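Heads up: the structure comes next, in structure tokens.
The values are calculated or read from the model by the stated rules, or taken from the named source; none is laboratory data. Everything numeric in this text was worked out from a predicted model, so none of it was measured. Quick reminder, even Gly has a Cβ in these numbers, built from the backbone with ideal geometry, and neighbours come from all protein chains shown. These accessible areas exclude ligands, DNA and RNA; they are computed on the full protein's heavy atoms, side chains included. Shrake-Rupley method; radii C 1.70, N 1.55, O 1.52, S 1.80 Å.
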Amino acid sequence: MKNGLKNFAVMLIAAAIGFGVVHLLFRNGQSLRSRNASIVLEVEVRDTKGRPLKNAEVVVRAPTLYILGRTDARGVLRGKVSVERGRSYTVETRGRHFQEARTLVAPWDVAGRASVTFDLGKRALAKARKPTGTKKKSTVAPVPFPVRIDVFSGTGSDKTALLQVVERLKKVASASQKMLSQKGVSSFQIRQLWSEVSYVEIVALGKDGKALGGYLLRTHKTDDVGLAFAMKNMWMRSFRDSAGSRALMVMTSRPSEARAYLNSIPLARKVTRAGAVFDLSNHPSSGTKGAILTLTSDGGPLIRSSVTVAALGQNIRWTLPNSALSKR
């Protein structure tokens, strides 16, 4: 009798486990094929008087930057983001005089909904009730993103497309204003390279007018995602001149106007009496099977050439006439 009850209990447990496994596979069979959860996100922003705040920008970091857009007249913005299931992500809203953030956790299911309310009035009230007598931490006021974006167009340039890039770059720069402030960026320049393939060159300049970095993007990839990627990878490394290092040597009388890119990423530059020297060593693209080496200037594109592994393994020398760097 005891053995019979024992066997019956074992059978019940096994059946329960089996049902649980089948239920899990049936319920989450589709989710097992996807790492990310698709989230319908609703964000509401209210001002210090509790009124709907129109035109507040909303971004999501998951950790990829998503620029959702701006709130409508009701202070509401709805959008869809894709976040790795179970992972935390940050929702931010910002305007000229405020910046707020909330941290949420993505669901484990393949789809879900989330809502966030930013009430700036409650934030101001909390600050007003802060206990006195405590030492206030010194803070650095955020520097607005560079409002000056200079556009240079030449023969074959699509001015309408360039203006669209400018508007998207303003949004991406606004979301990255802390980094831009740390880098010392004061303005951007945008040029469309009218060579055999249409590219846009984005150059970040410091207060002294010198280039701090740059990036080449295909014109059809200048969306928010492409510009955000360029913003993270456009910064020039420090020039390393050591034994065995490889360089691109550009012989010209105006070396300060020359810029070089290897697979769209800027090369560190050193200006000499003879010309400009660009570091090819320890570059992210230098270990590839081949690359595209591009030379540009303030006047526009100069040279765009395919280079092999053998070429990248030694010094490259280009000589330009004085007229090559003239502004066109």
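Summary of values
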item	result
Packing-based ranking, highest mean first, of 216-225, 307-316 given that Cβ atoms within 10 Å are counted	216-225, 307-316
Relative pair counts by distance (%), Cα atoms of region 49-120, 10 Å bins	19, 54, 24, 4
Accessible carbon and sulfur surface of region 160-218 relative to its total accessible area, %, 1.4 Å	49 percent
Sequence ranges 35-45, 158-168, ranked by mean other-Cβ count within 10 angstrom, highest first	35-45, 158-168
Hydrodynamic radius (Kirkwood) for region 225-278, which is based on Cα pairs only, to one decimal in Å	12.3 Å
Cα-only radius of gyration and Dmax that characterise region 162-236, units Å	11.7, 36
Difference of contour (0.36 nm per residue) and Cα-Cα distance, Ser306 to Gln164	48.2 nm
